[in-house]
Every structure is written in C-alpha cells, then in structure tokens.
Amino acid sequence: MTSQIDHLLTENRRFAPPAAFAADAVATAALYEEAAADREAFWAHRARELHWHTPFTEVLDWSTPPFAKWFADGELNVAYNCLDRHVEAGDGDRVALLWEGEPGDSRRVTYAELTDEVKRVANVLIGLGVGHGDRVAIYLPMIPEAIAAMLAVARIGAIHSVVFGGFSADSLRTRIDDAGAKIVITADGGYRKGKVSPLKPAVDLALDGRSGAGPQETVEHVLVVRRGGNDVAWTEGRDLWWHDVVPEASAEHEAQPFPAENPLFILYTSGTTGKPKGILHTSGGYLTQAAFTNKVVHDIHPSTDIFWCTADIGWITGHSYVAYGPLANGATQVLYEGTPDTPHPGRWWEIVEKYGVTILYTAPTAIRSFMKIGRKIPRKFDLSSLRLLGSVGEPINPEAWMWYHKIIGGKTAPIVDTWWQTETGAIMVSALPGVTETKPGSAQVPLPGIAIDVVDEDGTHVGNGNGGLLVVTKPWPSMLRGIWGDPERFKETYWDKFEKQGYYFAGDGARLDDDGDVWFLGRVDDVMNVSGHRLSTTEIESALVGNEAVAEAAVVGASDETTGQAVVAFVIVKESYLAEHPIDGLGNTLRLWVGEQIGPIARPRDIYIVGELPKTRSGKIMRRLLRDVAEGREVGDTTTLADTAVMSVISAQVK
Ligand code: WT7
C-alpha cells in the first residue's frame, strides 16, 4: 500500500477533454453551477426527467437522520420508466439488449419485446401470489431473462434480492432466509468457462437441505429458466419452468404507481462481520441518480450509442448500470453471459468489434489481466468504435489507466474512474467526460449534487495535500435506506463514527491532492477488495473455522498485481486433527472448502499453516503484521503483541 501511495503522489500526467468529444457531450460545466446554486432543486430537476404517476412536491425529508426520504409524496413505477415509457414514445423497435451467450449464440431484444416479456412475468408472479412488498430471490446467469425478472418484480412493487450466480448454496440460503423470499427465480445452469455451470442444484440444496432446526421455509415456488440444458431434479408443485408459464401468461399488465420510497431491492454485501448486510434501496431517488449518472458519466446518446457494462447483475454495478440506468435512459446495451477469456482471450474485443460498442465500463482487475497477456490480443480487433471508457470497483493504478487509454481507447477516448459503493447506489465521485481534465489514478471530483469530504478521525477536513477518511456530508437520492431487518447495524456501521457532524462514513481511505482532487487508497476496515468484489475477512475466517481441521484462522487482503488484493489465510490446525490425518494437501482442501461455503471468488490465494497467530494482550489478531508477511515485507512494529517472538516463528513457517 505504501509503495502504491508513493507512486500515486508522483503521478502528474493530465488529459484534457478532446474537443470533438466535448462538443457533443451530455455533461456540461453548467451542471456544477446548477447544483451549487440549489442542491435540492438540482435533484428535483433530474427526478422530473422520469415519469411520475403522481408528481412529488417534497424533495428531501431529512428530519429523522440517518433515514432519508426523497420525493416522498410522489408515485412512480420503476419498470414503466425503464420500458413502457420508451415504447409509448415510439422507440419500441429500439434494441434494448444485444445479448451474447458464451458459446456464441445471440439474441436481440427490443424495448417492445422486453416490455411484453416483463408484463407476462409480472402476471406469472402475481398468479403465484407475489404482491407488493414480497421478496423474490433471483439467482440467474447473465441472460435477458435476468433483466426481465428484475423488472417484473419492480413492476408489481415487490422487492428483488439478486444473488450472484457464483455464490454457493449456503450463501444463497442465508440470503433467502434473511429476506424471507417467497419465490426463487433461477436457471438450470449457465455457461461459464466453456461449460455449463449448474444453478438449480444449488437452489435445491439450499431449500431441500434445510434441517428442522433452521428457520421455517418461506419459499413457495421456484421459477426455472432453461439455459444450460443440464439435467435438474424437480419438485412437483414447487418448481415451474419459465418456458411453460411465461409464454402462456397474458401480456396485458398496466403498471401501477408506487410511492417513491417503496423498496426496490435488497442487495447483500460483505461488511466487517461474518454476516452479509442486506443493503436496501428504494425507488424514486435510486432511479433518479442511476439514470442521471449513467447519462452524464457514461455520456449516453440513446439512439446512437452501444453501451457495455461488463458487471454481473449479482453486483450493484449490474443493478445500476446494466438493469436500471441504461434502461431508464432508453439505451442499447450489450449483455454478455460468459467469462472474458472463453473460448479465446480476445473474446471481449471480439464483442466490441461485433456490436460496435461505443462505451465500455469495466473493472481495473480486468484491465490488468488483459495487460498481462499483452496488447497483441486486443490489437487483432477493430476497437475504433469505442469513444468512452469507464472504470469501477477499486482504485485504478496509473499503469493500468495508461494501458486502457492507449491500447483500448486508441489514445482518444476519455476515461472516467468512478467511485461508489453498493450503499451509495450510484456513482458519487467521477470526472465528467468532455468537461473534466483527467488524471490517471484519481477518481477526482464529486458529481454535481454530491457532497463529499476527506476528514481526519475527528471529522475535520484534512485540507489539500493530506490523507484521511472519505465521508459523504449530505444525503443523496440513491443512498441506501437501511440494512434489511437491522436499523441498529445501519446506524452503527455508517453513521456513528461521525455522528456529531451527521456524515456518512464510507470505509475508504482517500487523499486530496493540491487541486483538491480525490485519490482513493483502499478500505480502512476489515473489508477486502478482490477483483472489485467485496469480501469480509471475518466471513472467510468463520468459513475456515467451520472446517473440522481448523482451530483458528486469520485472513488478510494482500496486494496482488492482477486482482488488486488477494485473500491470504493463516490457519492453526487442531492437534486432534493432526493426530489422525496427514497435513499434505490440507491447504488445498481448505481453499476448496471456502469456495463451497461462500463461493469460488472467496477462495484464498494462499493458505499458510502456522503454529500461532499474532495477538495483542486483549486477544485481538494483528492483521497488519500478517499482511506484512503475506506481502513479503519486513514485519512492522510488534511491541503491542502479547508474545513478541511469535512473528519470527510465523515468518519462518511461511517460508
Ligand atoms: C468499494 C465498494 C461501486 C461498485 C462496485 C464495488 C471500492 C469502488 C472505486 C474506485 C477506488 C473504489 C471502494 C468502495 N471502490 N470504486 N473507482 N476507486 N475504489 O461496489 O462492492 O460495494 O465496493 O469498492 O473501496 O468502498 P462494492
């Protein structure tokens, strides 16, 4: 981390907005002036670009912080805004989704077709007894039905909880139980890395494997899309094939209005404890900011652009910039099912060429892995359609930024490095393309209407040239409204630290440069960022100690050239286990175990079997020292350890 910071401090390249881009850019400097003049009026103006069944008169109610209400007396339908509105405006024939399956099959879905499908799915859900406020779990691959499912749930005022298809049956079960989901929408399987990766079996395992001691089953039906063609078990009465019920359902469905603060979705994310948090987002404010940021940061010209956000719908990026933002704006976008290197390492660039993608939004970890395999691969494809590039998920190092700029962007496409979180719902800090002079490695400036600061532990502004903690100082439309079922944890996690000032604490370290631009420096808590995915050290530790072999475990995020951070685990094995089992291969067994417990993305890169862990006198594990070992550095200050010799023992064992 220190070397990365030093490196960032010497970065002084600047890129002016290209004149041709600026001439036709959606964003203008006037947006900053408008927001500065009257922040609430600014957001009201953005919100009024949506269709309101009942117009709002109130903008922000912040009378009971930290619980904000935006546009509270207004009513809208989120799906109507993403679909019917465009069809009624005469754009029904515009392509909404350019879908590409991993094996190379493809489908084009127009706005009219997607609207029709969503109406049918809405009718199916209603027929299954799903109503306003009910929870629906979605566990699907990246196929058009995934978008249709989300929008159908939104359309009837129910709440979706999308669970990333790479999560295990256990993770799925925890999320189903926490939300009390009534229906699960899944597929038999989807294509990943050249073969069918099954999904329905995980749903079966989550639902059927329930022991008598667990919470009562809330799931009444499982709606299954056929995609993988893999064999699946079937529970009569519970399970329904999508292709049996959706085409049969009526395509007549009039979208009803719901209050702006009607919950839209829950999305689980890792926190500093073992239990994932169900981040709750509502309708009017969320859609306003998702649509606005997509339009100005991604410079969406709906009738000409081909937008491609590579995120999975299992993450917030897929919610805001695959499902809601682009569809609210009536954009045409690429949806790709598979992995970047299947069946060949140029797959993404082949897709850019095939569809003439104009705007690409992806993560630094992807850019770094392309960088590693070399420019020859993207050079084989025509990438000249690309006119804007975006980055999200973790800090982008200047080297990766420059490679993205030169090799993918042909030295002309502006790059927007966008900082935000599951909790913020939409982009908060980013350059505006065509307006801002960009700096490789800095996310730069708060968007118009967004108020942030970098402060010290006391909540005092640090001033240019200094580092501190990133806070959001004023409520914003797409802010989380809470943690599902846990208002106390919501306050504690985000608001207690700067309660006096009423600031939202993001959990990120950041530095202001001499121009006041923000450079993000990574998390300051026990949250890791692996390939742009958030993982909790505690969650992986509890998975490890759940294995019969493990007595104690400590997990750290160590810097990794490709994935940003990598999971490194230090494990003490039980004497009783060692007495009866060989230790050979245990590391790998534990890696796979974590994968089964949480999901393959949580598998540790390295597992070190050690005799002891570094603890303070009060028993707290000093992860900082383990990180030194994991990153191959000299171990830092050990004076607060209960046993100061323990680190040399660990270092020796790791070698
Ligand atoms: C955490 C949020 C935002 C959608 C994807 C991740 C890190 C995100 C950036 C960026 C530096 C970034 C932060 C943040 N992060 N974008 N442009 N520069 N750091 O959402 O899983 O909720 O993770 O990702 O550490 O807190 P998430």
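No value in this document is a laboratory result; all are computed from the given coordinates. This one's a predicted model, so the numbers in the text were calculated from it and none came from an experiment. Glycine also receives a Cβ, built like all others from the backbone with ideal geometry; neighbour counts cover every protein chain displayed.
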Between R14 and A37, Cβ-based FRET efficiency (R0 22 Å, step 0.05) works out to 0.20
Pulled fully out, how much extra length does the chain show between E399 and E217, if you take 0.36 nm times their separation in residues and subtract their Cα-Cα distance? 60.5 nm
In what sequence do I483, I408 fall when counting other Cβ within 10 Å, fewest first? I408, I483
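In what order do V196, V527, V571 fall by count of nearby beta-carbon atoms within 10 Å, going from fewest to most? Write out the running numbers ahead of the final one.
On the way: V196 18, V527 21, V571 24.
In increasing order of surrounding Cβ atoms, one gets V196, V527, V571.
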Neighbour-count ranking [beta-carbon atoms within 10 angstrom, fewest first] of S283, S542: S542, S283
Bridge type composition, the chain - antiparallel percent by DSSP, nearest 5: 60 percent
Whole-number percent relative contact order across the range 38-339, with pairs defined as alpha carbons under 8 Å at least 6 apart: 23 percent
In cubic angstrom, how much convex hull volume per residue do the alpha carbon atoms of the chain span? 162 Å³
Distance between modelled label sites at E561 and T589, nm, 7 Å Cα→Cβ extension: 3.3 nm
Of all DSSP beta bridges in the range 318-441, what percent run antiparallel (nearest 5)? 10 percent
Put a dot 7 Å past each Cα toward the Cβ at I126 and A645; how far apart are the dots in nm? 7.5 nm
Rounded to whole Hz, the Karplus (6.51, -1.76, 1.60) HN-Hα couplings of the range 427-434, x for glycine and proline: 4, 10, 10, 5, 5, 9, x, x
Charge dipole of the range 528-654 about the Cα centre (unit charges at C-beta), most positive-ward option of L625, I650, A553: L625
Past 25 Å, Cα to Cα: identify those pairs from K497/K620; K119/K193; K574/K655; K193/K406; K474/K500; K119/K182, in the order given. K119/K193; K193/K406
Which order do the peptides 453-465, 164-176, 58-70 take when ranked by the mean count of other beta-carbon atoms within 10 Å per residue, highest first? 164-176, 58-70, 453-465
Of T174, H344, V124, which is farthest towards the positive pole of the chain's charge dipole, taken about the Cα centre with +1 and -1 on the beta-carbons of Lys, Arg and Asp, Glu respectively? H344
At R0 = 30 Å, FRET efficiency that the Cβ-Cβ distance of D73 and A451 yields, to 0.05: 0.80
If R₀ is 25 angstrom, what is the calculated FRET efficiency for the pair D382 and D341, using the beta carbon separation as r and rounding to 0.05? 0.80
With an 8 Å cut-off on Cα pairs and a minimum separation of 6 or more residues, tell me the relative contact order of the chain in percent. 13 percent
Distance between modelled label sites at D637 and V654, nm, 7 Å Cα→Cβ extension: 2.0 nm
Magnitude of the Cβ-charge dipole (Lys and Arg +1, Asp and Glu -1) of the chain about the Cα centre, nearest 20 debye, reported as 1180 debye
